[in-house]
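Below is one structure, written out as structure tokens; comments come after it.
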Amino acid sequence: MEQKKIYNAKIVTPDRVIQNGMVIIEEDKIVGIEEYHPTSIGPADIDAEGNWVLPGIVDSHSDAIEIELEPRPSSMFPIEISFFELEKKLVGEGITTIYHSLSLLEENAKKQIRQNHTVLKILEDINRLSQKHPLIRHKTHLRYEITNIHAAPEVEQCIERQMIDQLSFMDHTPGQGQFRDIEIQKKLLIEHRRYSEEQAHQIIESNMQKQKLEARILLKLADLAHQKGIPVASHDDDTIDKLSLVKDWNASISEFPVELDVAKKANELGIYVVMGAPNLLLGKSHSNNLSAMEAIKHDVVDGLCSDYYPASMLHAAFKLYHHGFPINVAINMVSLNPARALKLDQEVGSIEIGKKADLLIASEDQKRPVLHTVLVDGNVMCQMNYRTPVPVSIVH
């Protein structure tokens, strides 16, 4: 069987860097990782030119599909355009496995993309289009707002039919969670959503009065997801007491805990803690909540997700590296650890023999990662031919 080699590489494995190494690929799998230069070069072999060879990025939570479909209010583009245009961007950012996060907010949500019927149709479309030889691996992540009480039967059906690959429960009621500081939410509504101050006040008051789904129904949905092997996540955990409920759901992931003590407790309970790569890259939460860097320095974060900005993933990993974290630790944050949380780590997430050959070749422009080549299933899916080569730098 014909093999393909990536050689002259700095290979980042889960626990070390192999200098001047070589990855050997057969069909779609990694079959060898060697610490020497090949004795012969074949026409399909790739010279990494001394640059990093990294595992493909696994992004557990990305809102990018919503923005691609509805870039402006009432401007909905066809999924057949948006899906394939978005994946070209994603593969160019090093993301080889994506969890498209769709917010099941309410039937009459202002954003059409978050209305019940729209979300359910998009889930079907993503599952359909992901079978058409796409560039990367496409998964679905349903974010269920627990004030959307009438959508519970549809969520149950999605789980039963295994239309989703991850389920998270959200509660954006003002005064708790992400919006525990009501003034922050008001500012968001005025500055980002373009509401007047009076309209923002009315929205907040109305949202505070919304009925929430009964605990027994949430537990039923979580149990069903668990039975079907679908990972369950909580969202914006703001108290240690709330983590007890999360454990009742058999949730394995806590997304964006808003307090350090909550992140620490989730970590102690064996729940994967996921923070936003944009938060890390920018140095703060846009909602004035827990800093990703602070949480990582306290060793309570397992993985990063792109949230609303896919390009942040590779940049965030390299920011950690240039802040003194070992490169393998930094890269695991955007690859192996998310794969483990999502139960994909036997297939993707790291450069190990037997795993899928989802690989990145990257150099650096000072501290900025520069992506050159992306392979998925051992095939080159993206190639950037920069006019000036950029050397790798080593942090000591």
Inset, instruction - Pairs only if they're at least six apart or on different chains, beta carbon under 7 angstrom, first in segment 356-367 and over 12 Å from Val23 (Cα atoms), second small (Gly, Ala, Ser); list them, first residue then second. - result: Glu364/Ser393
Inset, instruction - Report, ordered by the first and then the second residue, all pairs with beta carbons closer than 9 Å, sequence separation of six or more or different chains, a first member in segment 27-39 that is over 12 Å from Ile11 (Cβ atoms), and a second member that is loosely packed, with under 12 Cβ neighbours inside 10 Å and at pLDDT 85 or above. - result: Lys29/Ile353; Lys29/Gly354; Val31/Ile353; Val31/Gly354
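Within the group Cys305, Cys382, which residue is under 30 Å from Pro71 (Cα atoms) and within 18 Å of the chain's Cα centre (by Cα)? Full working, then the answer.
Values: Cys382 fails: within 18 Å of the chain's Cα centre (by Cα).
Of the residues listed, the single one that is under 30 Å from Pro71 (Cα atoms) and within 18 Å of the chain's Cα centre (by Cα) is Cys305.
For segment 329-354, name all the residues that are surrounded by 20 or more Cβ atoms within 10 Å (Cβ to Cβ) and either of a type outside the set (A, V, I, L, M, F, W, C) or not in a loop (DSSP other than H, G, I, E, B) (or both). Give the steps one after another, and end with the answer.
Looking only at segment 329-354, we keep the residues that are surrounded by 20 or more Cβ atoms within 10 Å (Cβ to Cβ), and these are 330-339, 341-342, 344, 348-351.
Within segment 329-354, Ala330, Ile331, Asn332, Ser335, Leu336, Asn337, Pro338, Ala339, Ala341, Gly349, Ser350 qualify.
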Inset, instruction - Starting from residues that are over 17 Å from the mean Cα position of the chain (by Cα) and polar (S, T, N, Q), keep the ones in segment 285-302 and report whichever is modelled with the highest pLDDT. - result: Ser291
Inset, instruction - Please specify each residue of segment 252-275 satisfying the condition of being assigned to a loop (DSSP other than H, G, I, E, B) and either touching a residue at least 60 places away in the same chain (Cβ under 8 Å) or within 17 Å of the chain's Cα centre (by Cα) (or both). - result: Ser252, Phe256, Pro257, Val258, Ile271
Legend entry - Residues satisfying the stated conditions in segment 1-53, i.e. crowded, with 16+ Cβ neighbours inside 10 Å and among the small types (Gly, Ala, Ser): Ala9, Gly21, Ala48
Inset, instruction - Taking only segment 355-368 into account, find how many residues are farther than 18 Å from Val380 by Cα and either crowded, with 21+ Cβ neighbours inside 10 Å or of a type in the set (Lys, Arg) (or both). - result: 2
Inset, instruction - Residues that are modelled with pLDDT under 95 and charged (D, E, K, R): find the helices (runs of 4 or more DSSP H) completely inside segment 169-242 holding 3 or more of those. - result: 182-191, 197-208
Legend entry - helices (runs of 4 or more DSSP H) contained entirely in segment 51-164, each with at least 3 residues that are aliphatic (A, V, I, L, M), modelled with pLDDT of 95 or more and within 30 Å of Leu360 (Cβ to Cβ): 64-69, 79-91, 116-129
Legend entry - Residue list for segment 282-293, filter: crowded, with 19+ Cβ neighbours inside 10 Å and either assigned to a helix (DSSP H, G or I) or at positive phi (or both): Ala292, Met293
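Inspect all residues belonging to segment 244-255 and state whether any of them is aliphatic (A, V, I, L, M), modelled with pLDDT of 85 or more, under 29 Å from Pro153 (Cβ atoms) and loosely packed, with under 13 Cβ neighbours inside 10 Å. If you could, list the steps in order and put the result at the bottom.
Kept after step one, since they are aliphatic (A, V, I, L, M), are these residues of segment 244-255: 245-246, 251, 253.
Still in the list and also modelled with pLDDT of 85 or more: 245-246, 251, 253.
With the extra rule that they be under 29 Å from Pro153 (Cβ atoms), the set shrinks to 245-246, 251, 253.
Remaining after also requiring loosely packed, with under 13 Cβ neighbours inside 10 Å: none.
Checked segment 244-255: no residue is aliphatic (A, V, I, L, M), modelled with pLDDT of 85 or more, under 29 Å from Pro153 (Cβ atoms) and loosely packed, with under 13 Cβ neighbours inside 10 Å.
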Legend entry - Scan of segment 291-346 for residues that are touching a strand residue (DSSP E or B) at 6+ places or on another chain (Cβ under 7 Å), without any contact (Cβ under 8 Å) to a residue 60 or more places away in the chain and not small (Gly, Ala, Ser), ordered by number: Val300, Val301, Asp302, Leu304, His315, Phe318, Met333
Inset, instruction - Hey, could you check segment 294-327 for residues that are among the charged types (D, E, K, R) and assigned to a helix (DSSP H, G or I) and say which is surrounded by the most Cβ atoms within 10 Å (Cβ to Cβ)? - result: Lys319
Legend entry - Among (1) farther than 27 Å from Lys88 by Cβ; (2) surrounded by fewer than 20 Cβ atoms within 10 Å (Cβ to Cβ); (3) of a type in the set (S, T, N, Q) - the single one Gln112 does not satisfy: (1)
Legend entry - Matching residues, segment 355-373, being assigned to a strand (DSSP E or B), over 18 Å from Ile25 (Cβ atoms) and of a type outside the set (Asp, Glu): Ser363, Arg368, Pro369, Val370, Leu371
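The values are calculated or read from the model by the stated rules, or taken from the named source; none is laboratory data. Because the structure is a prediction, the values reported are computed rather than measured. We place every Cβ from the backbone using ideal geometry, glycine too, and count neighbours over all the protein chains shown.
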